[in-house]
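The values are calculated or read from the model by the stated rules, or taken from the named source; none is laboratory data. Predicted, not measured: the structure shown is a model, and the values here were computed from it. Don't worry about glycine lacking a Cβ; one is built from the backbone with ideal geometry, like all the others, and counts go over all protein chains shown. Only protein heavy atoms, including side chains, enter the accessible area calculation; ligands, DNA and RNA are left aside. Shrake-Rupley method; radii C 1.70, N 1.55, O 1.52, S 1.80 Å.
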Amino acid sequence: MSIKLIASDLDATFLKNDKTFNEVLFQEVLDKLHAQGGQFVVATGNHVQKVREYFKNFDGQYQMIANNGAEVILNGELTHVWAVPENVPAVVDQLANKYVNHLQLGVSFVAAHKAFAIIKRPNDEQLEFSKKYFENLVLIDSVDEINEPILKISLVLPSLEYEFMREVKAMLGNKIHVTTSGYGAIDIVNPNVNKANALSHIADTLQIASSEIMAFGDGLNDLEMLEYVGQPVAMTNSDEELFKHDFELSVTDNDNDGVLKTILEKL
């Protein structure tokens, strides 16, 4: 079966644990993929600017799904955006107060070109990391200070992420889609947002069938994407929940170029 599109999650999938990747091997993959008319898609919970930093040496050679599917960048242009309903940030912020003793730092509200953060447990080290992770981070005291559409709400709640996810879903129902990328990280987005819908948008635009798409992931925020494509691959270092599904496994883990080596075996 031919492969015309390959999509990959980043953290704990494409990227090594130190947030780097084998650029020489990636260029080899891109050259072989492009030679047979295929394309590569970065599909991540990261924001657009962070992805561009990671792939600064590969400008124009990949497509992008950012913020877990809330944004689609096709041929360098933003082609689709999904925002959360206006009342959602306030509800999530209030619920986070219940978990404040277990929360890492606070709650982040990601817009198209900036992010807002309410700090609930001050921690200078975590704050510095957040400033590097989120594009144009603005510290606020209340969600009332947010003056633009929010694409994603993020928080880190180690060991209690599933409890929080169940509770926020019970409160907001079909107004949101909530998922975790593992390690306590929770993302809340528009109910129509997931990597599968974003990848479907790209596939429809490029006239590619789902059976001609390969995808890689390690967490529950990759599940819909893996179920959508014809050739799903779960990383050997995946969340245990993914192993319950009948996905092919990568030839090795993320820290040993698992995505790239698996692709090269298939092309």
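Residue pairs, Cβ under 6 Å, 6 or more apart or interchain, first in the stretch 199-228 and acidic (Asp, Glu), second surrounded by fewer than 21 Cβ atoms within 10 Å (Cβ to Cβ) and in a loop (DSSP other than H, G, I, E, B). List them. Short answer, once both residue conditions are applied: 212/2; 212/4. For the stretch 214-233, the set of residues classified as within 21 Å of residue 185 (Cβ to Cβ) and assigned to a strand (DSSP E or B) consists of 215, 216, 217, listed by residue number. Among strands (runs of 3 or more DSSP E) entirely within the stretch 108-183, having at least 3 residues that are out of contact with any Lys or Arg (no Cβ under 9 Å at 6 or more places or on another chain) singles out 115-119, 152-156, 177-182.
If you go through the stretch 16-53 and keep only what is closer than 24 Å to residue 197 by Cα, open to solvent by 40 Å² or more (accessible area, probe 1.4 Å) and not in a loop (DSSP other than H, G, I, E, B), you end up with 34, 39, 49, 52.
Checked against (1) assigned to a helix (DSSP H, G or I); (2) open to solvent by 30 Å² or more (accessible area, probe 1.4 Å); (3) at pLDDT 95 or above, residue 243 passes all but condition (3). A residue that is over 30 Å from residue 32 (Cα atoms) and open to solvent by less than 50 Å² (accessible area, probe 1.4 Å) occurs somewhere in the stretch 61-82.
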